[in-house]
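Structure, as structure tokens:
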Amino acid sequence: MTKLDQIRAAEARLLLSTYDRSPVLFVGGHGVHIFDENGTKYLDLLSGIGVNALGYNHPAITKTIAEQSQKLIHTSNLFYHEGQAELALRLTERSGLDRAFFANTGTEAWEAALKLARAHAGVLRSEGKTIGTKFLALEQSFHGRTFGAMSTTYKDKYREPFAPVVPGVEFVKLNDLADLRAKFSNEVCAILVEAIQGEGGIRPLTQEFFAEARALASSTGALLIVDEIQAGMGRTGKWFAYQHYGIQPDVTTLAKPIAGGIPLGAVLCTEEVARSFHPGMHGTTFGGGPLACSVAIAVIDTIEKDGLLANATAVGDYFQQQLRSLAKRHEAIVDVRGNGLMVAAELDSAELGKLTVAEMLKRHILINCTSDTVLRFPPPFILERAHVDTAIKALDEIFSEYAAGQGATASAGGHQRG
Ligand SMILES: Cc1ncc(COP(=O)(O)O)c(C=O)c1O
């Protein structure tokens, strides 16, 4: 029995069944590569689902963890430590927002944002304004797995098993101005969007829709809350994806790459919104601890020092361009989209999506398929063109073999994919 087999058997016996893991046991990594227990090297275009911004074993991170862990790992939020204000300064300077709260994960940051919206509407009501408690979220949105986040997440599969979910959420069709206008009223306390939907299939908001959401929210005092948990911190070539639109939210959330793999989430907001929280209204034992904050500071400084925003733009554009050339040779690719290193290729079947992920794994390349048919590539920000070429070559082979197999099936009298 291999070590992987032993672990699989133990997990099958001991863990709650939440993930259908790929049969590979990772033990180390360096740069954009991750190594399995046999020393086999994989090119990682998934980066732990958009987390390992600086890749693996980056000296800025390992050095900071080593040094900080010998000083102070945890204090609780009852006392001061050196990290939170320093990190908040970096995030507020880059986001154009004024204040921060730190959590541990994306979903927790999102919960804090939802609570801010309800509390803010309460403050406005106490000042005599007419504003309700409803949230407008978007179809295909994904905001996390805790109750509030799940309730504002679109797909039934995430919500239905846990019904009843948090009431007061209505979903608007993505980029549908008429639907947004029809559903918006002064009952709404916040409009919730991802500037580019991640799990929903790398789908960007249109400029018109985003601008209308901003205008509607401003017209009543409702908040525009932008979830940057997947797109933020430089993945799209700007610190925040909303900056591509020139639209400023009232609240934004961050997590995934912010501390390069150490769990950390953040909610950032305007001074106006911040006045709705007071001591005791919200909190966390672990959130914003000294270790996570020090690593996040190191990650931000490295992104800046190493020009990784520009790299995300350049290599991301190259990636999309190469996928577009591939699409000319393979009808199975029906769309290529993205921004910076948030890249996707939509396929014409879920079967091919699943097969492509498995075949890429056999070729030692990690990718993921979301929304059934969308190949998603959220690689580390240190990705180079040569890595893109390796991936494109492998995809080319896989699609060619698949098409040949389909042709053979058709000529043998089987079905051809429509
Ligand atoms: C846009 C977005 N929001 C929220 C989340 C939830 O983050 P976490 O898994 O850290 O709770 C995710 C995770 O995929 C996400 O992509």
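Provide a single number: the residues in the stretch 187-216 that are surrounded by fewer than 15 Cβ atoms within 10 Å (Cβ to Cβ) and more than 13 Å from residue 245 (Cα to Cα). Steps first, answer last, please.
Within the stretch 187-216, the first condition is being surrounded by fewer than 15 Cβ atoms within 10 Å (Cβ to Cβ), and the residues that meet it are 206-208, 215.
Among the residues that remain, those that are also more than 13 Å from residue 245 (Cα to Cα) are: 215.
The total comes to 1.
Across the stretch 70-89, the qualifying residues are those that are surrounded by 13 or more Cβ atoms within 10 Å (Cβ to Cβ) and not aliphatic (A, V, I, L, M), and the one among them that is nearest to residue 287 (Cα to Cα) is 77. Yes or no: residue 67 of a type outside the set (S, T, N, Q), outside any strand (DSSP E or B) and either more than 26 Å from residue 268 (Cα to Cα) or in contact with a helix residue (DSSP H, G or I) (Cβ under 7 Å, 6 or more places away or on another chain) (or both)? Yes.
Among the helices (runs of 4 or more DSSP H) confined to the stretch 102-195, the ones with at least 1 residues that are within 16 Å of the ligand (Cβ to nearest atom), under 19 Å from residue 250 (Cα atoms) and in contact (Cβ under 8 Å) with a residue 24 or more places away in the chain are located at 106-126, 147-151.
From the list 50, 55, which residue is touching a Lys or Arg at 6+ places or on another chain (Cβ under 6 Å) and buried (at least 19 other Cβ atoms within 10 Å of the Cβ)? Quick ask: steps written out before the conclusion?
Details: 55 fails: touching a Lys or Arg at 6+ places or on another chain (Cβ under 6 Å).
None of the others qualify; the one that does is 50.
Hey, does the stretch 324-332 have a residue that's over 18 Å from residue 387 (Cα atoms), touching a residue at least 12 places away in the same chain (Cβ under 8 Å) and charged (D, E, K, R)? Steps first, answer last, please.
To start, the set of residues in the stretch 324-332 that are over 18 Å from residue 387 (Cα atoms) comprises 327-332.
Narrowing the set further to residues that are touching a residue at least 12 places away in the same chain (Cβ under 8 Å) leaves 327, 329-332.
The next check asks that each one be charged (D, E, K, R); those that pass are 329, 331.
So far as the stretch 324-332 goes, yes, one or more of its residues are over 18 Å from residue 387 (Cα atoms), touching a residue at least 12 places away in the same chain (Cβ under 8 Å) and charged (D, E, K, R).
Which of the following residues is of a type outside the set (Asp, Glu), touching a Cys at 6+ places or on another chain (Cβ under 6 Å) and buried (at least 20 other Cβ atoms within 10 Å of the Cβ): 338, 353?
Of the residues listed, the single one that is of a type outside the set (Asp, Glu), touching a Cys at 6+ places or on another chain (Cβ under 6 Å) and buried (at least 20 other Cβ atoms within 10 Å of the Cβ) is 353.
Of all the numbered requirements in (1) surrounded by 20 or more Cβ atoms within 10 Å (Cβ to Cβ); (2) under 20 Å from residue 231 (Cβ atoms), residue 298 misses one, and that requirement is (2).
Would you check which residues across the stretch 154-164 are surrounded by 10 or more Cβ atoms within 10 Å (Cβ to Cβ), within 21 Å of residue 194 (Cα to Cα) and out of contact with any strand residue (DSSP E or B) (no Cβ under 7 Å at 6 or more places or on another chain) and list them?
To start, the set of residues in the stretch 154-164 that are surrounded by 10 or more Cβ atoms within 10 Å (Cβ to Cβ) comprises 154-155, 158-159, 162.
Narrowing further to those that are within 21 Å of residue 194 (Cα to Cα): 154-155, 158-159.
Result: 155, 158, 159.
Taking the stretch 252-297 as the search range and keeping residues that are under 26 Å from residue 309 (Cα atoms), among the aliphatic types (A, V, I, L, M) and not in a helix (DSSP H, G or I), which one is farthest from the ligand (Cβ to nearest atom)? This residue is 268. Cβ-Cβ below 6 Å, separation at least six or inter-chain, first residue in the stretch 245-257 and over 8 Å from residue 226 (Cα atoms) and β-branched (Val, Ile, Thr), second away from the ligand (no atom under 16 Å from the Cβ) and not in a loop (DSSP other than H, G, I, E, B): which pairs? Matching pairs, first to second residue: 247/214. Within the stretch 216-228, is there a residue that is within 12 Å of the ligand (Cβ to nearest atom) and in contact with a His (Cβ under 8 Å, 6 or more places away or on another chain)? Looking through the stretch 216-228, at least one residue is within 12 Å of the ligand (Cβ to nearest atom) and in contact with a His (Cβ under 8 Å, 6 or more places away or on another chain).
Scanning the stretch 352-389 for residues that are over 21 Å from residue 35 (Cα atoms) and either free of Cβ contacts under 8 Å to residues at least 12 places away in the same chain or β-branched (Val, Ile, Thr) (or both) returns 370, 373, 374.
Which one is farthest from residue 334 (Cα to Cα), of the residues in the stretch 379-418 that are of a type in the set (Ser, Thr, Tyr) and either surrounded by 15 or more Cβ atoms within 10 Å (Cβ to Cβ) or at pLDDT 95 or above (or both)?
Of all residues in the stretch 379-418, those of a type in the set (Ser, Thr, Tyr) come to 390, 400, 402, 409, 411.
Filter again for either surrounded by 15 or more Cβ atoms within 10 Å (Cβ to Cβ) or at pLDDT 95 or above (or both), leaving 390, 400, 402.
Details: 390: 21, 400: 15, 402: 15 Å.
Restricting to residues being of a type in the set (Ser, Thr, Tyr) and either surrounded by 15 or more Cβ atoms within 10 Å (Cβ to Cβ) or at pLDDT 95 or above (or both), the top hit is 390.
For the stretch 1-54, filtering for residues that are assigned to a helix (DSSP H, G or I), out of contact with any strand residue (DSSP E or B) (no Cβ under 9 Å at 6 or more places or on another chain) and of a type in the set (Val, Ile, Thr) leaves 1. Considering (1) outside any loop (DSSP other than H, G, I, E, B); (2) farther than 30 Å from residue 89 by Cα, the lone condition that residue 302 does not fulfil carries the number (2).
A single member of 328, 362, 305 is among the charged types (D, E, K, R) and under 21 Å from residue 260 (Cβ atoms), and it is 305. If you go through the stretch 16-39 and keep only what is among the hydroxyl-bearing types (Ser, Thr, Tyr) and within 20 Å of residue 395 (Cα to Cα), you end up with just 22.
The values are calculated or read from the model by the stated rules, or taken from the named source; none is laboratory data. Nothing here was measured: the structure is a model prediction, and the numbers come from that model. Here the Cβ is made from the backbone with ideal geometry for all residues, glycine too, and neighbour counts use every protein chain on show.
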